[in-house]
Amino acid sequence: MREQLPPELAARLSPEAPRLLDGSFIDERLRDTQSDRLYAVTLTDGTAALLYVLLEHKSAADPGTPLQLLGYMVRIWTRYAEGRAARLRQLPPILPVVLYHGVQPWRVPTSILECLAADAELREWLRDLRYHVRELGPIPYAERSADPAVRAVLGALCAVFARDLSVADLARILRDLPDGEALERQVLVYVVRHYKITETLFREALSQAKPEREEALHMTVAQEWIQRGVAQGMQQGLQQGMERGRLETLVETLIAILEARFGGVDAALRGRLAVLDLDTLRPLIRRAATIDTLDDLFEPPASH
C-alpha cells in the first residue's frame, strides 16, 4: 500500500498494519471475483481511515469508474454508520485506490467532480460535495417565496409544528392557495390530517381567507374530519379499554389480598370497589396488607 499510494498519502499512514475488513462492496454479479478490498488504517495523527482498493482488471479504462467508486463509498459509510447519529457525524475518510493493468492508458477522470458538466466557478462551489440548507422556520412567512402558491405550501409545512397556531396565521396560508386547483385541496387535507386544531378553528380560518367559498371548501374535506373523528374515537376507546383493564386488575388484586387475610369478600364490598378509580385503588392495596379488619379498609390512616 505504501508503494501504490501517492507519497503524501503514504506518509500519513502509521506504522500499524492495515486491518482487512469483511465484506465486498462490488456489484452482486461481480461478487465472486473478489476484486476489491477494504482496510481499516490508522493515520499518523491517531485518527482512523478506510482504504478502499479496487483491482480494475479490464483491458481498457472504464469511464464509469468515478461514479462506481462514489457508490461504493456511500455503501461503505452507510454500513459503517448503522444509522447511529454519532457515527453519521464522524464518518471515517475513505481513500480509494484503483489498480489498473489494462492495455490502454487510463484517461478517465479521477474525481466525480471532473465528470460534471459545470464551469469552473460552479465546480469550485461543488468541490467539497457540500449541500445547501435553507431553514424555513426562522424565515418570515412573506419572505419564504414570492410565489403565493409556493409560499402557502412552505407555510403549511412549517405551521404543522406550531403549538399555538392562530386563526389569522392559518387564514394567511389558505388565502395564498390558488382557487379551485388540486393544490388547494391537497393543502386543506394536509391541514385536517396533521394539524392539532379543532374543526371550529379550521372553519374560522376558511371564513377569513375565502368567505365566499367557505362552505364548499369545508365540504371538500368533510370526509377527512369524519375519519379524523373516528380515529380519535378509536384511540380514546382503546385508552379507555386499557384503563378499564388496569382497574379490573387492581380490583382483583385487592380482593385477593382481602380474601387471603379475612376470608370471603361480600357482594356489597365488591360492588363498592368496582366503581373506584386508579388513584383511589392504589393506596387501598397498600392498606389491605396492614389493616386489622375489613371495616378499616376505607378508614383514613391513623395520625400520630
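Observations on the structure shown:
- Within the range 75-96, tally of residues that are hydrophobic (A, V, I, L, M, F, W, C) and either loosely packed, with under 13 Cβ neighbours inside 10 Å or outside the structural domain of Thr65 (by TED's automatic domain parsing) (or both): 2
Let's see how each residue does on (1) outside the structural domain of Tyr190 (by TED's automatic domain parsing); (2) closer than 15 Å to Leu174 by Cα; (3) touching a Leu at 6+ places or on another chain (Cβ under 7 Å):
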residue: Leu99; (1), (2), (3): yes, no, yes
residue: Gln104; (1), (2), (3): yes, no, no
residue: Pro109; (1), (2), (3): yes, no, no
residue: Ile112; (1), (2), (3): yes, no, yes
residue: Leu136; (1), (2), (3): yes, no, yes
residue: Pro148; (1), (2), (3): no, yes, no
residue: Arg151; (1), (2), (3): no, yes, no
residue: Cys158; (1), (2), (3): no, yes, yes
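- Scanning the range 162-187 for residues that are in a helix (DSSP H, G or I) and under 21 Å from Pro138 (Cα atoms) gives Val167, Ala168, Asp169, Leu170, Ala171, Arg172, Ile173, Leu174, Asp176.
- Filtering the range 51-79 to residues that are out of contact with any Asp or Glu (no Cβ under 8 Å at 6 or more places or on another chain), part of a helix (DSSP H, G or I) and touching a residue at least 24 places away in the same chain (Cβ under 8 Å) leaves Leu67, Leu69, Leu70, Arg75, Ile76, Arg79.
- Residue list for the range 80-120, restricted to those being closer than 18 Å to Leu51 by Cβ, in a loop (DSSP other than H, G, I, E, B) and touching a residue at least 24 places away in the same chain (Cβ under 8 Å): Pro92, Pro93, Thr110, Ser111
- For Ala60: the one exception among (1) out of contact with any strand residue (DSSP E or B) (no Cβ under 9 Å at 6 or more places or on another chain); (2) surrounded by 12 or more Cβ atoms within 10 Å (Cβ to Cβ); (3) of a type in the set (A, V, I, L, M, F, W, C); (4) at pLDDT 90 or above: (4)
- Verdict on Ala146 being exposed (fewer than 13 other Cβ atoms within 10 Å of the Cβ) and either at pLDDT 90 or above or touching a strand residue (DSSP E or B) at 6+ places or on another chain (Cβ under 6 Å) (or both): yes
The values are calculated or read from the model by the stated rules, or taken from the named source; none is laboratory data. Fair warning: this is a prediction, and the values are worked out from it, not measured in the lab. Don't worry about glycine lacking a Cβ; one is built from the backbone with ideal geometry, like all the others, and counts go over all protein chains shown.
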